[in-house]
Amino acid sequence: MSKIDRRNLLRAGLGAGGLMLSSNLSNSWAQQGDPIRIGLIIPLTGATSQFGATMGQAAKIAETEINSAGGVRGRPIQIAIEDDQSNPEAAVRAAHKLIDVDKVVAIGGSYASAVTSAIAPLCWEGKTVLFTSSGADSITKLPHQGYIFRTSPTVTLQGTRVGDFAVELGAKKMFFLGPQTPFAQSYIDIISSIFKVAGGSGNGLIYEDKKASYRSEVDQALKESPDVIVLGGYVPDTSVVLKDLYRAGFSGKKVGFSFGINDALTKAVPAEASNGAYSLVPSASENSDAYKQLVGKMKLSHLDSYSCQVYDHVVLASLALAHAPSGKVDGTAVRDNVRAISQDSEGKRTDDAVEALKLVASGAHVNYDGPSGALEFADNGDVKGVFFRYEQVEEGKLVVRKVG
């Protein structure tokens with residue numbers, strides 16, 4: 001597939017009531033046992049859908065690789081995809097189906113924090129592991145009994161990096177503009193505190209989502225004469241805010257996050273409105289063989305971190321089950337064995353899913369790092385050692401300015 005498009009995936013059936021991606025499994029698998037189902041809840045439609053299509057494709061590649069290596073204990077894995085429609089209510093319906101009907105052992109994807117917050121209780125109550133690429137700190141503070149693993153940086157980390165970067169750019173007065181989300185107020189508090197420590201000031205405004213114009217909010221922000229605006233929304237509302245900032249004549253710095261300022265935004269906003277805007281981007285392990293191979297299989301020049309994370313969600317669940325000494329195939333077995341295959345200091349370090357699976361099957365110790373990067377988890381389920389790219393819009397295209 002040379003061009004990945006969510007409409008093409010939807011035509012193929014993704015998100016239309018869910019899809020089992022391995023419908024063409026050979027009959028020989030039936031002799032080995034029924035497929036092990038791993039669910040994905042990803043945004044194929046709605047405000048957060050810019051990464052949904054590539055998430056689904058990355059998961060399919062992971063599925064093919066695991067099955068080509070013999071599956072998990074001789075059983076194939078089967079990916080069941082549900083479209084969360086960028087909506088918590090739709091996500092809850094999807095989670096019920098995956099847990100209660102499809103009997104998945106784990107759910108991956110789970111991008112928007114509001115979606116993850118809504119489905120998390122269903123997962124731990126149903127003893128189903130939830131791998132998430134959401135950032136809200138509150139997620140891993142929930143009483144999840146170890147069933148949540150986060151592969152994306154937290155809001156605190158992202159907010160700190162944005163605040164430090166804005167100060168590094170020489171800004172003194174920060175104003176945050178973003179919609180109501182589980183992390184909006186946290187961003188205001190974190191970034192404002194960084195500016196105050198640096199001798200500056202910070203403030204913010206949380207606006208109503210899905211408006212045709214944010215000119216009144218922009219005017220309110222500009223009354224405080226900020227020299228940097230931090231944009232905390234997703235692509236649809238950030239696009240509108242940027243155009244209103246341009247019309248209002250704002251000439252200061254603009255800094256946002258990868259969920260709002262990305263390739264999709266540069267295509268939706270005139271270059272003169274987006275020009276100069278910075279974006280903090282969680283970085284995949286772009287120098288690893290795993291990343292290069294995944295990008296090659298997807299026939300892309302580069303791939304976002306979130307899709308790499310979803311690939312790793314599928315691989316982590318598969319390796320954990322292959323490692324389970326009890327031979328059990330359920331969410332608890334996934335939970336209890338994830339760290340054994342991803343952060344074993346004595347294990348052979350590999351970023352190759354097939355090699356990792358063969359090592360586990362042979363009884364060897366393995367330390368798997370995937371295309372998304374190192375996969376060592378803290379006790380609360382948060383991933384450690386995240387890297388970022390700092391990109392800037394230049395003539396309608398994003399250009400890397402810094403990695404750290």
(message) Condition first: open to solvent by 50 Å² or more (accessible area, probe 1.4 Å), under 14 Å from Asp330 (Cα atoms) and not in a helix (DSSP H, G or I). Now tell me which residues in the stretch 70-108 satisfy that.
(response) Arg73, Arg75, Lys103
(message) Suppose we filter Val129, Val101, Val92 for residues that are in contact (Cβ under 8 Å) with a residue 40 or more places away in the chain and on the phi < 0 side of the Ramachandran plot; which single one remains?
(response) Val129
(request) Report, ordered by the first and then the second residue, all pairs with beta carbons closer than 7 Å, sequence separation of six or more or different chains, a first member in the stretch 245-261 that is within 17 Å of Ala136 (Cβ to Cβ) and among the hydroxyl-bearing types (Ser, Thr, Tyr), and a second member that is assigned to a strand (DSSP E or B) and at pLDDT below 95. (result) Ser258/Val281; Ser258/Pro282
(message) On the basis of being farther than 18 Å from Lys253 by Cα, open to solvent by 10 Å² or more (accessible area, probe 1.4 Å) and in contact with a Lys or Arg (Cβ under 8 Å, 6 or more places away or on another chain), does Gly200 make the cut?
(response) no
(message) Restricting to the stretch 69-82, name every residue that is in contact (Cβ under 8 Å) with a residue 60 or more places away in the chain and either closer than 14 Å to Ala59 by Cα or of a type in the set (Val, Ile, Thr) (or both).
(response) Val72, Ile77, Ile79, Ala80, Ile81, Glu82
(message) Test of understanding: among Tyr291, Tyr278, which residue is touching a residue at least 12 places away in the same chain (Cβ under 8 Å), open to solvent by less than 60 Å² (accessible area, probe 1.4 Å) and under 16 Å from Ser305 (Cβ atoms)?
(response) Tyr291
(message) I'm told Ser22 meets every condition in (1) in a helix (DSSP H, G or I); (2) modelled with pLDDT under 95 except one. Can you identify the failing condition by its number?
(response) (1)
(message) One residue is enough: does the stretch 153-164 have a residue meeting the conditions open to solvent by less than 20 Å² (accessible area, probe 1.4 Å) and of a type in the set (Ser, Thr, Tyr)?
(response) no
(request) Identify the single condition in (1) surrounded by fewer than 22 Cβ atoms within 10 Å (Cβ to Cβ); (2) not in a helix (DSSP H, G or I) that Lys358 does not satisfy, given that it satisfies every other one. (result) (2)
(message) When you check Ala114 against the structure, is it surrounded by fewer than 24 Cβ atoms within 10 Å (Cβ to Cβ) and either within 24 Å of Glu125 (Cβ to Cβ) or of a type in the set (Ser, Thr, Tyr) (or both), yes or no?
(response) yes
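The values are calculated or read from the model by the stated rules, or taken from the named source; none is laboratory data. Since we're looking at a predicted model, the values are computed, not measured. Please note: Cβ atoms are built from the backbone with ideal geometry, for glycine as well, and neighbour counts cover all protein chains shown. Ligands, DNA and RNA are excluded from the accessible area calculation, which covers all protein heavy atoms including side chains. Shrake-Rupley method; radii C 1.70, N 1.55, O 1.52, S 1.80 Å.
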